[in-house]
Amino acid sequence: MKLWLKITQGLAALLLSAAALSLLLFAGALLLGLAAVVLIAAGGLFLAAPDESKKTLRLFMERIDQWIAAMKGVVEGAGEVVLTVMGAARGVRPDPEEPVGTSFHPASPAAAPEHEGTTPAQDAAPAASAPRASDRPPAAKSSGR
């Protein structure tokens, strides 16, 4: 019985691998076919109207550069949000004067800034105590997923 189970599992793995490989080859062939169609269409456009196709190509490249610049801004903004949340979770306040990407420092008792409005007894609380959910900033709370 155990031999039959191993044989069927091996066959299932082999069939699954073959299906994955065929799907990968199909996707590659589809992309290659689409690239060939686009190149043929671009060549026909260039032969029919060279000046307009050069303008279109330049405009296309400018749009791609604009998109890349926009995505770079989005990634930098998201990185700053993550660094701010991580710093807030560790008790480190980011400095608004600092450039992006340099505001995250590992929290240590010597490096952590003193908080205004706290007593020395609160500052001397043991670091091993777990923070309460109400102590976390709103951006650091998990969504429960």
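The values are calculated or read from the model by the stated rules, or taken from the named source; none is laboratory data. The shown structure was predicted, so the numbers you read here are calculated from the model rather than taken from an experiment. Every residue, glycine among them, receives a Cβ derived from its backbone with ideal geometry; neighbour counts consider all protein chains shown. Ligands, DNA and RNA are excluded from the accessible area calculation, which covers all protein heavy atoms including side chains. Shrake-Rupley method; radii C 1.70, N 1.55, O 1.52, S 1.80 Å.
Residue check: is residue 34 out of contact with any Leu (no Cβ under 9 Å at 6 or more places or on another chain), in a helix (DSSP H, G or I) and at pLDDT 95 or above? Lay out the reasoning, then the answer.
On the way: out of contact with any Leu (no Cβ under 9 Å at 6 or more places or on another chain): yes; in a helix (DSSP H, G or I): yes; at pLDDT 95 or above: yes.
Against the criterion (out of contact with any Leu (no Cβ under 9 Å at 6 or more places or on another chain), in a helix (DSSP H, G or I) and at pLDDT 95 or above), residue 34 qualifies.
Taken as a whole, the condition of being surrounded by 10 or more Cβ atoms within 10 Å (Cβ to Cβ), more than 31 Å from the chain's Cα centre (by Cα) and at negative phi applies to residue 11. Cβ separations smaller than 8 Å between residues 6+ apart or across chains give no pair from region 60-72 residues that are closer than 19 Å to residue 42 by Cβ to residues that are of a type in the set (Gly, Ala, Ser) and surrounded by 10 or more Cβ atoms within 10 Å (Cβ to Cβ). Quick check on region 74-81. Is at least one of its residues of a type outside the set (D, E, K, R), in contact (Cβ under 8 Å) with a residue 12 or more places away in the chain and open to solvent by 60 Å² or more (accessible area, probe 1.4 Å)? So far as region 74-81 goes, yes, one or more of its residues are of a type outside the set (D, E, K, R), in contact (Cβ under 8 Å) with a residue 12 or more places away in the chain and open to solvent by 60 Å² or more (accessible area, probe 1.4 Å).
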